[in-house]
1. Looking at the stretch 159-171, can you tell me whether even one residue there is closer than 20 Å to residue 256 by Cβ and surrounded by fewer than 24 Cβ atoms within 10 Å (Cβ to Cβ)?
2. Of the residues 151, 117, 155, 122, which single one is surrounded by fewer than 24 Cβ atoms within 10 Å (Cβ to Cβ) and closer than 15 Å to residue 66 by Cα?
3. Does at least one position in the stretch 218-233 carry a residue that is touching a helix residue (DSSP H, G or I) at 6+ places or on another chain (Cβ under 8 Å) and at pLDDT below 95?
4. Considering (1) surrounded by 22 or more Cβ atoms within 10 Å (Cβ to Cβ); (2) in contact with a helix residue (DSSP H, G or I) (Cβ under 6 Å, 6 or more places away or on another chain); (3) closer than 21 Å to residue 196 by Cβ, say which one residue 249 fails and leave the rest.
5. For the structure I just gave you, tell me whether residue 57 is in contact with a helix residue (DSSP H, G or I) (Cβ under 9 Å, 6 or more places away or on another chain), at positive phi and either free of Cβ contacts under 8 Å to residues at least 40 places away in the same chain or assigned to a helix (DSSP H, G or I) (or both).
6. Hey, any hits in the stretch 16-33 for a residue that's crowded, with 16+ Cβ neighbours inside 10 Å, in contact with a strand residue (DSSP E or B) (Cβ under 8 Å, 6 or more places away or on another chain), under 22 Å from residue 113 (Cα atoms) and at pLDDT 95 or above?
7. When you scan the stretch 233-254, how many residues do you find that are within 18 Å of the chain's Cα centre (by Cα) and either over 30 Å from residue 50 (Cα atoms) or without any contact (Cβ under 8 Å) to a residue 60 or more places away in the chain (or both)?
């Protein structure tokens, strides 16, 4: 309930805005590097990285440079890094077997980070699109992205990542029943402590384009993902999906994309109370970077403003490509 202010001039709200010290004292929402998960793209090779043209400032990195990035993140106070592989075309197949290869890029990077920076939490992505010759998050049979066969593959992928030492698994595929299946497999295989951060409310958004460039899935994708991701017009459906994933064993939940869906973030946090995250996706990042590079607004100011909005909307944390830049700014 919003308290009623006395009439002017007894109430002069601007008194509390007069100086930076006063504004800091009454600030309702705070942002710190603790709030960030940094998404990083992993590629094959040694001591190398290549720019992602549609994401200014973002590169694909070899495993050794991902380790260096993890050290940097830890030094900045960022608690977690999230891995996304750029898989070579010859490793993308109909059966997606590279997804659960113990020595694939993601699993090698998990082990390397945990060896070098054991305090850093490592999050992974669980979906078949980086390994699928068809570019989809699930198996394609005819014109259909099939559910149950895909879930079986996702379980194998999850177990391989848990064996490699992942702290947080991020199922991003939106197949029905995958959280329950993954949680059951983790329990039965001795990985009871592995956390699931479910992409519970993932919308069929147009804001994912630069990410698909970054992981090499754009050219491979045949059709769209609207048969398994949520219609952007649907609020109640998103809440049902969050409730389902919590009931199946998710420890934390995510809304994706982020800023266009702050209303969903707020409702998820208020209704369920579980740790709630948002993914500030590639398209959101690319728009802000492009506008800043063109001098249309102050890039640092809008970066911090946007990230603060996620916290104000109820998010406990944000997956953001801005993580290292924002952390440096917040650290002074």
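The values are calculated or read from the model by the stated rules, or taken from the named source; none is laboratory data. As the structure is a prediction and not an experimental result, all values here were calculated from the model. Ideal geometry is used to build each Cβ from the backbone, glycine not excepted, and the neighbour counts take in all protein chains shown.
1. There is at least one residue in the stretch 159-171 that is closer than 20 Å to residue 256 by Cβ and surrounded by fewer than 24 Cβ atoms within 10 Å (Cβ to Cβ).
2. Unique residue meeting the criteria: 117.
3. yes
4. Checking residue 249 against (1) surrounded by 22 or more Cβ atoms within 10 Å (Cβ to Cβ); (2) in contact with a helix residue (DSSP H, G or I) (Cβ under 6 Å, 6 or more places away or on another chain); (3) closer than 21 Å to residue 196 by Cβ, the one that fails is (1).
5. no
6. no
7. Selection size over the stretch 233-254: 9.
Matching residues to (1) under 30 Å from residue 146 (Cβ atoms); (2) in contact with a helix residue (DSSP H, G or I) (Cβ under 8 Å, 6 or more places away or on another chain); (3) in a helix (DSSP H, G or I):
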{"site": "30", "(1), (2), (3)": "no, yes, no"}
{"site": "50", "(1), (2), (3)": "no, no, no"}
{"site": "53", "(1), (2), (3)": "no, yes, no"}
{"site": "73", "(1), (2), (3)": "no, yes, yes"}
{"site": "81", "(1), (2), (3)": "no, yes, no"}
{"site": "90", "(1), (2), (3)": "yes, no, yes"}
